[in-house]
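Right, one structure below, let's go through it.
The values are calculated or read from the model by the stated rules, or taken from the named source; none is laboratory data. All of these numbers come straight from a predicted model, not from anything done at the bench. Ideal geometry is used to build each Cβ from the backbone, glycine not excepted, and the neighbour counts take in all protein chains shown.
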Amino acid sequence: MKLHEYQSKDLFSKFGVPVTPGEVASDAEGALRAAQALGGKVVVKAQVLMGGRGKAGGVKLFDRPEDAAAFAGELIGKRLTSVQNPTGMVVEKVLVAQQIEIAEEYYVSILLDRAEQKLVVMCSKEGGMEIEEVAARDPQAIARLVVNPIWGVEDFEIRSLARRAKLPTNVVRQFVPMVKSLVKAYIESDAELIEVNPFALTTDGKLIAADAKVSIDDNSQFRHPEFRETADDAAENPLEAEAARQGIAYVHLGGDIGIIGNGAGLVMCSIDEVSAAGGKPANFLDVGGGAKADRVEKCVRLVLSDPNVKGLLINIFGGITRGEEVAHGILEAFEHLDVSIPVVARIEGTGAQEALNLLSGSKIVGATTMQEAAQRIVALAGA
């Protein structure tokens, strides 16, 4: 679950990390009041969960509150698109933040290193840039610190990290407690990622988190009711947001072959087989174990909501999930939806024969193996 920038900064503030003062607004009048309260010189940032907001025209600096309010009014309700998210997202809120005079920009992030099975703090002197570009151009520009899960992170380790990242010595005194606070925030909020880019050194010598990105582990939501109200709109893609509201495990992949299966492993195999057959998977969707007809219908509706989908592959291995229940769900969905794309279903295991009997005579094409199903749907969608 990804948090908006203003939510991420609120989290940082609770743990003592300095952030730029700001207020959230959902209309031009609110943006005007916020800009006036902050002294007039502000930056207006679209609060959408997508990268490249600045390049998409969602971030601008202003010297007058009236200009900031006018821009906010134009921005709210507008769909922003970027290279990372070509489908775009509609702006519903903006963050009006106080401008700061930046002398230097740094990069700091905390994430889980699965190879080390520990947290790792990454730091670079080259902030304000895409960290992937920095890593590709000069891997040595990024310093890493592995956090010991038993004793945590010590001051001397953070000072060593700062030296290896070649941060100026005059910022280290502020840098050490901030990193410790960020590590604490990461652990106590059950985060998957914390990123500060840029970590700004102002002209008066203060270190401030000028931007913030936080992603929370979905499985920890029961421990964090404060994030529950933002869970529904915490996906970068609107279909992912809708799936979250319905409790469906869905990931948008951007292709044109919709995929539904039961069990993450089977769905991933289906994605691989579609790719091997020359197709481009549109999504990952795990219908779950023991899924009844109504849930299958919801899943079919969700996948077909993607306008780019030209074909649908349904791959079910019956165990807890009975094949005839899946077949009922597919047929019910087709009764209520105008389905004009080809659909291929491969159903094996418990209730498989009953399922095939139910689907016979419908527009759904049957297949006996996963490979055959993938090849058929790619061919039919291409035709």
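Condition check: crowded, with 18+ Cβ neighbours inside 10 Å and at pLDDT 85 or above. Does residue 265 satisfy that?
It is false that residue 265 is crowded, with 18+ Cβ neighbours inside 10 Å and at pLDDT 85 or above.
Just wondering, is there one or more residues in the stretch 128-135 that are more than 21 Å from residue 102 (Cβ to Cβ) and surrounded by 17 or more Cβ atoms within 10 Å (Cβ to Cβ)? No, the stretch 128-135 contains no residue that is more than 21 Å from residue 102 (Cβ to Cβ) and surrounded by 17 or more Cβ atoms within 10 Å (Cβ to Cβ). Would you please name the residue that is farthest from residue 288 (Cα to Cα), looking only at residues in the stretch 315-373 that are of a type outside the set (A, V, I, L, M, F, W, C) and assigned to a strand (DSSP E or B)? Among them, the one singled out is 366. Scanning the stretch 365-377 for residues that are crowded, with 19+ Cβ neighbours inside 10 Å and without any contact (Cβ under 8 Å) to a residue 40 or more places away in the chain yields 367, 376.
Quick one: which of 301, 346 is under 22 Å from residue 269 (Cβ atoms) and of a type outside the set (Phe, Trp, Tyr)?
346
Only a single item in (1) over 25 Å from residue 45 (Cβ atoms); (2) surrounded by 20 or more Cβ atoms within 10 Å (Cβ to Cβ) is not met by residue 108, and it is number (1). Applying the set (1) acidic (Asp, Glu); (2) at pLDDT below 90; (3) over 30 Å from residue 25 (Cβ atoms) to residue 130 leaves exactly one unmet item: (3). Looking across the stretch 35-70 at every residue that is in contact (Cβ under 8 Å) with a residue 40 or more places away in the chain and out of contact with any helix residue (DSSP H, G or I) (no Cβ under 8 Å at 6 or more places or on another chain), the one that is surrounded by the most Cβ atoms within 10 Å (Cβ to Cβ) is identified as 48.
For residue 201, the stated conditions do not hold, so it cannot be described as surrounded by 15 or more Cβ atoms within 10 Å (Cβ to Cβ), farther than 26 Å from residue 95 by Cβ and of a type outside the set (Ser, Thr, Tyr). Filtering the stretch 1-29 to residues that are in contact with a helix residue (DSSP H, G or I) (Cβ under 8 Å, 6 or more places away or on another chain) and closer than 15 Å to residue 93 by Cβ leaves 3, 4, 7, 22, 23, 24, 25, 27, 28, 29.
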